[in-house]
Amino acid sequence: MTLDDKALQILYNINVNQTSGYRYSAIIIEKDDIVATEIISHLKEYRFRTVQIESVDEAVKLLKNQDRTGAYSTYFIILNITAATDEALQSILRFNIPVIAVTEQENFQKAVNSLNQGAASYILTPLTDPVLIDSAIENCLRISRGNRQSRLYTLHLEEELKRKTEENERKNYLLQNFNKNLERMTSASNREEGPKNLTDLGPDILNDFGAHLQASGGSIYIRENSGLRLAHTIETKHVPDFLPFPLNEKSPFRMVLETGKSMLVNNIESEKELSTSGWSGYKDSSFMIFPIPGHHGNIEGILSLHNKVKPPFIGEDKEMGQLMSSFYAEVNKTVTSIEALHLSETRYKNLAENSAAVIFSFSIEADAFDYVNDAFVDLTGYGRQHLIGSGFIDMVKLLQIPEKEDFISQFESLVTGRSSGNGIEYRIVTATGRTKWLFQQSVVITNSEGFTVSIDGILTEITEQKEAEEKLKTLVNQKDLLLSEINHRVKNNLQVISSFINLQSGLENEESNRKSLQKIKNRITSMALVHDNIYDTNLMPSIDVKNYIISLIQHYRDQKIADENIEIELDIESITLDLDRAVLCGLLMNEALSNIFNHAFDEGERGKVAISFKNREYKYEIRIFDSGRGFHPDDITLSTAEGLGLDIMKNLITQLDGSISFVNNQGTIILIKFPVQNTKIREELL
């Protein structure tokens, strides 16, 4: 007897004994009859059917035949692993049946290794404790039950999948026919006669519905503002050409329009909530009505079917009709999209052809220009044929572009994807030899997969603009030279005046006269320092206040007017003034500081002078404090003040449109305020 014959015989014995009251079946792979008998005896007490097999090969054959014939399946396998190899254990485990490994107690480590390889449990011989056998068996039964439930669930899923597959195949067959109609309708839209609307598609839609749903009667209406207009009908005897709004409250058409849902009526005679047309030509009393959605989501029409070849209409007919209604809604969207595409192509073609700017397209696949409009001829003097079919290197040579490195670099950046679009200016030489400046704006065009397919762009001439820029640059340079020369001459003239005053002061014998001349010189110096600190901002000369005040203080130090014992503290924000107000502020601060350094402190006395210049919400605020002897409140009243210094301060503050006040508080505080905005520009200086 061959190994296969033995396996079949064992299966036969198992099947014959299936009615003998056993609950489970198990296979014992054990050569030792003593051990096998002991295990079998224990299992039969619990109604286990057992089969003893001497080798792993026989067990594998048995399990294969069991799977093939569908015989009573095995719940678990008991395998003596004392002499079995790891490969033998794996050949049994691959059948996904729980395995109990049996070995002697001194081979405990091998039992552990079998668990690591996938065995469910183990038994050590001699069998001294039945509880250990029961525990191993319970564990295997639990695993086996789980495996069986998984197999049953898998079978259920396979049956459900098979059923769904057959149903989908049936629907796909119908959809293939629908798709052919879609191709036919959309191809008609692409032909020269132009796209169709629902009126044109009405016969096709209604005939397809009738053919697929086995209806010999029906109609399709288009929704208009004042009612429903007949587009097509299979019968012509009873269908009105127009149904005005509002429709009868019980009209099934009205219900479909209001709800947007399909309707199936099995027997119109028994529907008291619906009105009938009274036509006697119905072969049966059932009919269906479907809304036809438009491309904006609105209901564009109504389709009705009646007189089924094998009446009546049933729910499955309604489901198929709804599917077809959705399908034809997509047809309508496709046709509308094609119409919009035709219109868009025509519009943009006309715009491109009539544009004054040059419009071009460079094909990545062809590595050449494949479109340029007629404006290229007007701009360059070359015909379109000179550019179309040429690469961008050829364009550089044709137009003799001096900035060819920048031009080529930009194109390569667009082609390689390093840039998605940018602008560049360059010169060309036209066919007549004239040089022109151009501005090129390019963009990258990609397909649905994100790959670059073309580089499109616009060329505009900017020759006049560039020439105007050059003229403006020349004027600005001339203005800068003129201002610099004026500023230089003013400083020189002020220096000459200061020198004359120094000469005159040296000839004076009276100390009072020399002091008066020094005051005049200080005023001139305050104006000269303005020109030393001048700089250009937005083409308007301005003065940095902080630098100016630091220069003014340094002048007083250099002229020994400000004693070294006097500490000077500055708190000045970053503020710039125009030239006129800078001169006024300089003279004003000169008068105040001259008065402080000459009269506030005794010779050699220590003291402090603090100067702050702040922007206080629309007003500049200058605060000058000295810790000197102060003054009596009646000594200084600006409105009645006498003396050249105070007269000068009065006139200066008036020209600044500001105010000045004096405070006696452990010294003297002079507070000057004037608007941030220059309200009195170019008034005459004192």
In what sequence, largest accessible area first, do Val56, Val256 appear using a 1.4 Å probe? Val56, Val256
Net charge, Asp394 excluded, C-beta distance under 13 Å - Lys, Arg +1, Asp, Glu -1: +1
Across Lys521/Lys650; Lys466/Lys491; Lys479/Lys650; Lys349/Lys466, pairs whose alpha-carbon gap is larger than 29 Å: Lys466/Lys491; Lys479/Lys650; Lys349/Lys466
What's the Cα-based Rg to Rh of the range 83-168, Rh via Kirkwood? 1.20
Filtered hits (lysines, Cα-Cα < 25 Å from Lys110, offset >= 8 within chain) -> Lys31
Tell me which GluC sites (Glu not before Pro) from the range 374-452 have a DSSP coil assignment and no more than 10 other beta carbons within 10 Å of their own. Glu449
Roughly how many Å² of Leu230 are accessible to a 1.4 Å probe, to the nearest 10? 40 Å²
So, over other residues within a Cβ distance under 11 Å of Ile299, counting Lys, Arg +1 and Asp, Glu -1, the net charge is 0
What length, rounded to one decimal in nm, is gained on full extension from Glu138 through to Ser574, with 0.36 nm per residue of separation minus their alpha-carbon distance? 148.0 nm
Tell me the label-point distance for the pair Glu235, Ser409, using the 7 Å Cα-to-Cβ offset, in nm and rounded to one decimal. 8.1 nm
Given a 1.4 Å probe and every protein chain left where it sits, what share in percent of the accessible area of the range 330-369 is carbon and sulfur? 54 percent
Quick calc: nm separation of the 7 Å Cα→Cβ label points for Ser659 and Ser516 -> 3.5 nm
Straight-distance crosslink candidates among lysines, where the alpha carbon sits under 22 Å from Lys162 and sequence neighbours closer than 8 are dropped: Lys171
Could you tell me the accessible area of Arg47 in Å² (1.4 Å probe, neighbours in place), rounded to the nearest ten? 120 Å²
For Val112 and Gln149 in the same chain, what is the full-extension length gain: residue separation times 0.36 nm, less their Cα-Cα distance, in nm? 10.5 nm
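By how many nm would the segment from Gln495 to Gln214 grow when fully extended, if each residue of separation counts as 0.36 nm and the alpha-carbon distance is taken off? Write out the running numbers ahead of the final one.
Values: separation 281, 0.36 × 281 = 101.16 nm, distance 11.26 nm.
Contour length minus Cα-Cα distance gives 89.9 nm.
The values are calculated or read from the model by the stated rules, or taken from the named source; none is laboratory data. Keep in mind that this is a model prediction, so the values were computed, not measured. As a convention, Cβ positions derive from the backbone with ideal geometry for all residues, glycine included, and neighbour counts pool all protein chains shown. What goes into the accessible areas is simple: the full protein's heavy atoms, side chains included, and nothing from ligands, DNA or RNA. Shrake-Rupley method; radii C 1.70, N 1.55, O 1.52, S 1.80 Å.
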